[in-house]
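What follows draws every value from the coordinates through simple rules; no lab data is involved. Note that this is a predicted model, so its numbers are computed, not measured. Ideal geometry is used to build each Cβ from the backbone, glycine not excepted, and the neighbour counts take in all protein chains shown.
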Amino acid sequence: MNALWFDIAHLLAAGVLVLSLMLLYQDRITAVINVFALQAVVLSLSVGWQSVVQGAPHLLATAFIALVAKGIVIPTALHRIVRKLDVHREVERVVSGGPTMLAGLGLIALSILLVQPVVETADPVAREDFAFALAVVLLGLLLMITRRNAVTQVVGFMSLENGLVLAATGAKGMPLVVEVSVAFSVLIAFIVFGVFVFRIRERFDTVDVNVLDRFRGERREHL
Amino acid sequence: MTDLVAALPLSPVALVLLVPTLAIPVLAVISDYRLSAGLNMLVSGLTFAAGLLLLAAPHERGDFLIIDDFNIFLIVLTTFVGFTTSVYSASYIGHELETGKLTPAFLRFYHAMYQAMMGAMNLALVSNNIGLMWVGLEVATLATVMMVGIYRTPEAIEAAWKYFILGSVGIGLAFFGTILIYMVSSTVIGAGVPAMAWDEIVRNAAALDPKLLSLAFVFLLVGYGTKVGLAPFHAWLPDAHAEGPTPISAVLSGLLLNVALYALLRFKMVLAGNPLAIDVGAILMTLGLVSLLFAAFMLYRRRDIKRLFAYSSIEHMGIATFAFGIGGPLANFAGLLHMTMHSLVKSAIFFAVGHVAQAKGTQRLADISGLSSTHPVLAVGFALGVIAIVGLPPFGVFMSEFLLVSTAFGRQPLLTVVLVAGLILALGALLMRMQQVVFGEPRGKSDPVKASYVPLFVHLLLALVAGLWLPEALVRWFRGVAALLG
């Protein structure tokens with residue numbers, strides 16, 4: 001394989017990871033959505049590049065779905081929800097920015113240490129991609145844990161799925177079935193999230209999921 | 001029956017998938033609830049018939065679908081419980097409409113989602129392609145999420161949100177594991193669709209890279225383990241069971257947990273074929289015991305009747321997981337029998353609990369007592385269900401637990417002590433609650449129950465028959481599958 005091709009694939013995958021890190025320290029919901037949209041665009045570039053490198057034209061479809069759905073449609077809709085719910089204030093955090101970033105760096109180190117020695121047999125592009133993908137998945141999880149706003153949790157979950165798409169396209173020749181299903185699931189996820197975000201707002205007058213704790217089944221009697 | 005199968009224009013496998021799928025759009029547009037509930041029953045009945053036809057169909061495999069002994073038995077069980085639950089649901093939702101908890105528009109949605117869930121579970125069961133299996137579980141999860149939140153009360157929305165977040169993260173991690181499995185299998189089998197076929201992967205298991213395989217299993221375990229409701233990942237389960245409509249609690253406990261465990265076992269079989277990979281048995285035994293003990297202790301402090309039995313489901317999935325962790329023909333046999341019996345008995349209990357909650361107008365355990373004098377038939381059904389689920393003879397759960405304990409003593413004597421302690425703890429908690437609910441002082445409101453008791457007693461009867469006498473053919477079959485599981 002051409003060294004330059006390899007470097008470009010590497011660069012794009014790393015770009016997705018860096019944007020995941022950037023998601024962690026955004027303070028405003030609108031900024032979180034914008035960074036997520038940017039991540040989806042870089043992801044679609046990365047998938048498109050993999051399609052060229054692997055000579056797999058069907059990956060272009062995956063790239064296109066990622067670009068349109070996660071890069072344009074979902075962020076636009078989320079912006080609209082945020083405006084409608086009037087929640088473009090500061091993002092509340094459970095853990096503050098500094099420790100979150102440190103935890104994020106720790107997770108990246110962990111995934112590289114975990115994947116690098118294990119995936120010796122696969123080709124180098126797949127291996128590096130895979131370490132990045134795992135890091136993106138873990139950072140998405142971290143984002144979901146450290147935020148308590150329903151919209152930010154949605155973004156965290158979709159960023160986690162970006163990591164899954166990155167991993168699926170890095171695995172050479174993975175059948176289209178799975179890629180379509182990922183895109184499909186993201187769409188369903190979005191619909192469900194949309195429904196829930198509105199219902200949470202309707203019932204609780206807020207999208208702060210911390211409020212949900214009040215109703216934790218067993219405590220109902222002490223209210 | 002073989003001639004009948006041959007004469008069909010479509011294979012039974014296709015029917016099991018197509019019948020529920022085609023029913024979704026039809027059920028979504030029918031606005032008369034009696035008609036749609038009847039149609040829901042009819043469709044579930046047809047799916048069950050198609051599942052029965054599978055018994056006579058030849059075993060076959062393709063790159064996408066597979067039929068072997070292991071999944072036939074689960075498909076028959078799933079479609080059967082799906083059918084009886086649809087019968088139960090038809091009478092249950094009538095009451096919900098009368099009390100205004102649900103509106104006809106939501107019922108259309110409810111029936112469509114019911115069939116979506118059944119179809120998706122069948123898809124997960126018949127897939128040979130590990131990606132397709134994942135899609136099936138994901139769609140089933142999303143369909144149940146929608147149904148858990150259907151009452152739109154704050155509690156229901158909280159439960160659905162929690163279930164959705166935890167379920168999605170779990171299913172996301174399972175997908176990561178699936179990709180890893182493909183990565184390792186494609187180096188041996190070659191890139192393309194065959195590298196995702198489960199039977200091809202099992203055949204080549206010994207040649208696969210053990211380190212990568214072990215890493216993949218960790219992700220699959222956390223992912224599908226969340227769906228099974230194993231202890232550290234169980235947080236969604238009690239809420240989802242308690243806040244959704246009761247027929248959904250019945251299928252969640254009786255079916256979806258089984259399907260997730262089935263997926264996990266398929267991957268266990270892959271790792272069993274590779275001597276250098278991690279020891280899956282030890283991990284499953286640990287998780288199983290932790291779930292059992294944790295749930296047994298939690299049973300004592302429940303205040304909500306559906307939540308009580310949700311924790312009991314965690315307990316029983318723990319027991320089955322422990323059995324498969326021990327492995328070997330006898331323990332696997334016990335595990336399979338336990339999955340089947342739990343499915344039948346737990347859905348029966350939820351049927352009874354649904355009637356109780358409707359009659360008493362509450363799910364609070366403190367407000368439910370004295371059923372024996374106000375609703376004698378229901379009290380008998382509920383008491384028999386509890387007696388069956390805690391593992392007292394002569395019901396089938398006793399058989400499977402007895403079999404498990406007796407084989408486990410030979411293999412892991414110390415762990416078996418823990419197992420028995422957990423079983424006894426759970427028995428104490430459930431019998432104590434049953435005593436109060438059935439024989440306590442009657443109080444609070446008590447409406448007559450109009451719904452049908454047939455599904456409840458059919459399930460209990462089957463569990464009773466299985467406890468007294470297992471047909472020779474079924475025993476042979478369980479043995480075959482147990483040997484398959486290794």
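Over all distinct Cα-Cα pairs of the stretch B:351-455, the Kirkwood formula returns a hydrodynamic radius of 15.2 Å. Listed from fewest to most Cβ neighbours within 10 Å, the set B:W236, A:W49, B:W134 follows the order A:W49, B:W236, B:W134. Here the contact order of chain B, divided by its residue count and restricted to Cα pairs under 8 Å and six or more residues apart, works out to 14 percent. Its alpha carbons considered, the stretch B:112-230 gives a radius of gyration followed by a Dmax of 16.2, 53 Å. Our compactness index for the stretch B:279-486, the C-alpha radius of gyration over the empirical 2.2 N^0.38 Å, is 1.05. Helical content of the protein assembly as shown, expressed as a calculated mean residue ellipticity at 222 nm, amounts to -26000 deg cm²/dmol (DSSP H runs of 4 or more residues, -39,500 (n - 2.57) each, divided by residue number, nearest 500). Largest first, the extents of the alpha carbon coordinates of the stretch B:201-260 on the three principal axes equal 47, 23, 11 Å. The calculated P(r) of the stretch B:29-150, using every Cα pair and 5 Å bins from 0, goes 2, 11, 19, 21, 18, 12, 8, 5, 2, 0 in percent. The ranking of A:S159, B:S373, B:S91 by Cβ neighbour count inside 10 Å, starting from the fewest, reads B:S373, B:S91, A:S159.
Counting Cβ atoms of other protein chains within 10 Å of each residue's Cβ and taking the mean over peptide B:189-200 gives 2. Scaled against the 2.2 N^0.38 Å expected of a compact globular protein of N residues, the Cα radius of gyration of the protein assembly as shown reads 0.93.
For chain B, pairs of C-alpha atoms spaced more than 39 angstrom apart make up 17 percent of the total.
When restricted to Cα atoms, the stretch B:393-478 yields an Rg and a Dmax of 17.8, 52 Å, respectively.
Counting neighbouring beta carbons within 10 Å and listing from fewest to most, the residues B:T286, A:T169, A:T100 come out as B:T286, A:T100, A:T169.
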